[in-house]
């Protein structure tokens, strides 16, 4: 019979990620998830551009994830002695932008790998000059950032190779530094969306209404 054992949280060293595209940020207010609405967490999803693709944004830069993946591997070594001895059904650490229901959403798709980092404690949030960002409008889905995160092991270790236990590598969110602006996900407004209006609508509507009233023999009869 398979045996299960609880594990004290095993975590690695804090690292700073390469630049990523910000997605679904909750860094000013902790929120609950769809599956656990009472567990309030600060979080951000990090979309790393790891290969060029036709759909990449102008601000996307291909980055090397090896330092981040090495940090995750070190946790597995601490837990199991080597990466090769990890549970066969542990959850994938780095998900591909094409292997998710989000693949057609802004920022996902080919050439993207992503992780989610979260914390019960509000992360530090800074601009490129290391000044604190306090305006929520300054940090949004679609901008660029890098983050300090800590990898850790979560879940139970089950020696049964057929186990579907919820276990894997998670990421604790410590701090975020905004690296630059980008097109907001979900479609932000821009003056380029419109053409110049030669005559304001209000003036045209007022003139038209006055002319119609003077020409209407029935006045305000409602007919």
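The values are calculated or read from the model by the stated rules, or taken from the named source; none is laboratory data. Everything quoted here is computed from the prediction, not taken from an experiment. Positions of Cβ are backbone-derived with ideal geometry, glycine not excepted, and every protein chain shown enters the neighbour counts.
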Every residue in the stretch 55-114 that is at positive phi and touching a residue at least 12 places away in the same chain (Cβ under 8 Å), please. 107, 109, 111
Can you list the strands (runs of 3 or more DSSP E) lying wholly within the stretch 16-132 that have 1 or more residues being surrounded by fewer than 13 Cβ atoms within 10 Å (Cβ to Cβ)? 20-31
Quick test for you: out of 217, 123, pick the one residue that is farther than 30 Å from residue 55 by Cα and at pLDDT 95 or above. 123
Exactly one condition in (1) modelled with pLDDT of 95 or more; (2) out of contact with any helix residue (DSSP H, G or I) (no Cβ under 6 Å at 6 or more places or on another chain) is not met by residue 33; state its number. (1)
Quick check on the stretch 180-189. Is at least one of its residues on the phi < 0 side of the Ramachandran plot and modelled with pLDDT under 90? yes
